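Input: a single structure, listed below in structure tokens.
Just so you know, all these numbers are worked out from the coordinates, no wet-lab data involved. Just so it is clear, the model here is predicted, and its values are computed rather than measured. Here Cβ is always computed from backbone atoms with ideal geometry, including for glycine, and neighbour counts include all displayed protein chains.
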Amino acid sequence: GKVTTEWNWGEAVITVTTADGGYTASCTVTVVPPTTLNNPTPLFSIYPNPFTNYLIVHIPTTQPINIYNLSGQCVYKSTLYAGTNKIDTSHLPNGFYVVKCGDESLKMVK
């Protein structure tokens, strides 16, 4: 069969047609941005990944941040201010890291 969609923010029309065209069914569904589907707004965003000599961290409020190596050792600890922050990571050896900010953690690679 064939499935087509036409959508605008707020609603989508989904139409399904059998391969022979003998039957068509449509329904309208509400389109909600993904951040509102039981997913809280992330506490921070961080890039690039993989990183080299720096990380860019964007956070909505001032909060502590920690970077851990795979052995669980804290290799960086600081308090970042609301907005965009640049962290110097040139001293870190290549490897895998976990960046923790508030209750959220992200895996990163250098």
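Using the basic label-point model (7 angstrom from Cα toward the beta carbon), what is the Ile14 to Ser26 distance in nanometres?
So the label points at Ile14 and Ser26 sit 1.6 nm apart.
Using per-residue counts of other Cβ atoms within 10 Å, averaged over each peptide, order 50-58, 85-93 from highest down. Kindly include the intermediate steps, with their values, before the conclusion.
Working: 50-58: 14.6, 85-93: 12.7.
Going from most to least packed, we get 50-58, 85-93.
For Asn94 and Leu106, calculate 0.36 nm times their separation in residues minus their Cα-Cα distance, and state this gained length in nm to one decimal.
Values: separation 12, 0.36 × 12 = 4.32 nm, distance 1.65 nm.
The Asn94-Leu106 span can extend by a further 2.7 nm.
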